[in-house]
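Structure first, then comments.
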Amino acid sequence: MGKSCVVIGAGMVGTSTALHLRQRGHEVVLIDRSEPGQQTSFGNAGLIQREAAEPYPFPRELGKIWQVASGQGFDIAWRASALLHVLPQLLAYAWHSQPQRHARVASHYGALIAACITEHDALVRSAGAQDLIDTRGYRKIYRTAPAFEQAARDAERLARTWGIDNRVEDGAELARREPGLKQRLAGAIHHASTWSVRDPGALVQAYAADFVAQGGQLMRAEVQALEPQLKGWNLRTSQGPLSAQDVVVAQGPWSQDLLAALGYRFPMFVKRGYHQHYDGAHGLNGPVFDAQKGYLLVPMRAGLRLTTGAELALRDDAPQPTQLAPAQACARTLVELGQPSPLAPWMGSRPCMPDMLPVMGPAPHHSGLWLNFGHGHQGFTLGPVAGRLLAEMISDQPCFLDPAPYAATRLAS
Ligand SMILES: Cc1cc2nc3c(=O)[nH]c(=O)nc-3n(C[C@H](O)[C@H](O)[C@H](O)COP(=O)(O)OP(=O)(O)OC[C@H]3O[C@@H](n4cnc5c(N)ncnc54)[C@H](O)[C@@H]3O)c2cc1C
């Protein structure tokens, strides 16, 4: 018999979870203080990253550390006030990034990523959202020969290890594939099996609409507190009380907020990022990552979206989009960028865990409480994989992937 479940957070992760629970016959309420897909899952680069089998490690090369620390380059920015708060998380992140540990983390991360296209494909078809998907792949472009040659070696290793369709393109091949580029570059890696989404927020909305069409209930309210009962849960919300047997916390970067009152302290930290749209006749055939500079250009419905790298700041600090201007200047040397949108730059927070793995599974000290957050740089990619895995656990079904590496018990205090 189906259970009554509430999923808190209608981003890509929560919406996919709610949909998978509903497909397994549960009575599901998906609750968010905004419309579905309007927060982190709205403003990202919209890539469904089949190529991202290995999570970004903490920088280890001395040259790179010096570059970041001294404020040269603009792929990573940081605020001293925030570093003091997140120092323990950053030290743990550096520790987990040692080569042997990182290889172990990557084996668990890569298992999730390997399923991302198949799992999105099932939801895209069910939602009839094929018009939002571009399957022409994604390019990382390199300006200098040594960087390109190193990238080609890495791409071949990743292709062998993870079965990723990576194609190495020299400068001439890249110029043929992307004739809109204004400069002759050293070359590119074309990740042919990566998808891009023309409007990431709209894809979440399409999945949410499918959830409602399948009998799920969408509720717009702020959840203010979670109260365990003898059996099940009461939720205090801005629209009144709600109860359920099982509750899923899928609040992205806000996931720690309600859990703190229940005694959980997860070492989550955020890497913030910004986007700006441009109206130029850029001529790009697909998304392009300017790999030696650290920003992305993605053709979208709203224009050409430029997204920045990581800003180490606190989630609620005021926006400080200092990475946008240098990224924009670099992008102008590559494509006809045109004018920026008059809207203020969008800002979002990637919810990151120090060991680079998401938290997916039961809460350690409360029955009927489930966790699905911390998907970092690839939460948009991983939402449907994470949603299926959690729905299988809640439904007591065999899991299509071993959930043990993602258990909360490894981190919670
Ligand atoms: C610049 C940038 C580029 C990125 N590019 C990519 C990319 O190309 N590919 C990729 O895979 N990932 C990318 N990411 C990461 C990705 O966007 C996130 O990992 C992902 O969106 C997280 O999804 P989520 O559902 O966990 O969180 P969210 O999308 O933030 O959803 C959480 C939801 O919870 C709701 N909520 C929170 N608290 C409450 C409450 N108390 N009551 C009710 N509702 C609540 C919020 O309103 C929100 O809708 C990028 C991130 C950034 C910042």
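Every number in this text was worked out from the coordinates using simple rules, so none of it is lab data. Quick caveat, the model's predicted, so the values are computed rather than measured. Note that we place each Cβ from the backbone using ideal geometry, even for glycine, and neighbour counts take in every protein chain shown.
Here's the list of aspartates and glutamates a cross-link from K140 could span, going by alpha-carbon distance under 13 Å and ignoring same-chain residues fewer than 8 apart: E51, E149, D154, E169, D170, E178, D290.
With the cut-off at 1.5 for a/c, could you classify the range 320-391 from its C-alpha gyration tensor as rounded, prolate or oblate? The shape class here is prolate. When the Cα centres of the range 153-220 and the range 335-413 are compared, how far apart do they sit, in Å? Comparing the Cα centres of the range 153-220 and the range 335-413, I get a distance of 19 Å. Remark: M356, M219 ranked as M219, M356, counting other beta-carbon atoms within 10 Å and listing the fewest first.
Working from Cα pairs under 8 Å separated by at least six residues, relative contact order for the range 350-392 is 39 percent. For the chain, relative contact order (Cα pairs under 8 Å, six or more residues apart, normalised by length) works out to 26 percent. Derived scalar couplings between HN and Hα for the range 159-170 equal 5, 5, 6, 10, x, 8, 7, 9, 10, 8, 10, 6 Hz in order, rounded to whole Hz, by the Karplus curve 6.51 cos²θ - 1.76 cosθ + 1.60 (θ = phi - 60°), x for Gly and Pro.
Summarised in one figure, the compactness ratio Rg/Rh of the chain, Cα atoms and Kirkwood Rh, is 0.96.
Short-range pairs are left out: with C-alpha atoms under 8 Å and at least six residues apart, the relative contact order of the range 323-406 is 23 percent. Pairwise Cα distances in the range 89-175 exceed 18 Å in 63 percent of cases.
Comparing L91, L185, L357 in a Gaussian network model of the chain where C-alpha atoms under 10 Å apart are linked, the largest mean-square fluctuation is found at L91.
Net charge within 12 Å of T308 by Cβ-Cβ distance, Lys/Arg positive one each and Asp/Glu negative one each, not counting T308 itself? Residues close to T308 contribute a combined charge of +2. Within the chain, antiparallel bridges make up roughly 70 percent of the DSSP beta bridges whose residues both belong there. At q = 0.14, 0.21 Å⁻¹, what log₁₀ I(q)/I(0) does a Debye calculation on the Cα points of the range 31-184 give, no solvent, two decimals? Evaluating at q = 0.14, 0.21 Å⁻¹ gives log10 I(q)/I(0) of -1.07, -1.44.
Using every pair of distinct Cα positions in the range 371-413, the Kirkwood expression returns a hydrodynamic radius of 11.2 angstrom. Remark on L218: its backbone amide H falls under 5 Å from those of L30, a criterion applied only to residues 5 or more positions apart or on other chains, H modelled at 1.01 Å from N. Looking at the chain, identify the longest residue range that excludes and avoids all trypsin sites (Lys or Arg not before Pro) in DSSP loops having at most 13 other Cβ atoms within 10 Å. Result for the longest clean stretch: 61-181. Over the range 130-191, the fraction of Cα-Cα pairs per 5 Å bin, rounded to whole percents and listed from the shortest bin up, is 4, 19, 26, 21, 15, 9, 4, 1.
Using a Gaussian network model of the chain in which every pair of alpha carbons under 10 angstrom is joined by a spring, one finds that among H96, H85, H377 the greatest mean-square fluctuation is at H85.
For W162, W370, W95, the sequence from fewest to most other C-beta atoms within 10 Å is W95, W162, W370.
Using equal-weight Cα scatterers in the Debye expression, the normalised intensity of the range 284-413 in log10 at q = 0.12, 0.14 Å⁻¹ is -0.64, -0.79.
The long axis of helix 80-96 is offset from the longest Cα principal axis of the chain by roughly 90 degrees.
Relative to the longest principal axis of the C-alpha atoms of the chain, give the angle of the C-alpha long axis of helix 99-113, reported between 0 and 90° and rounded to the nearest 10°. Relative to the chain, helix 99-113 is tipped by roughly 70 degrees.
Hey, how many Å between the Cα centroid of the range 247-295 and the Cα centroid of the range 86-150? What the calculation gives is 13 Å, centre to centre. Structural size metrics of the range 216-264, computed from C-alpha coordinates, are Rg and Dmax of 10.8, 30 Å. Taken over the range 208-356, the convex hull of the Cα atoms encloses 176 Å³ per residue. Normalised by residue count, the range 235-299 yields a Cα convex hull volume of 189 Å³ per residue.
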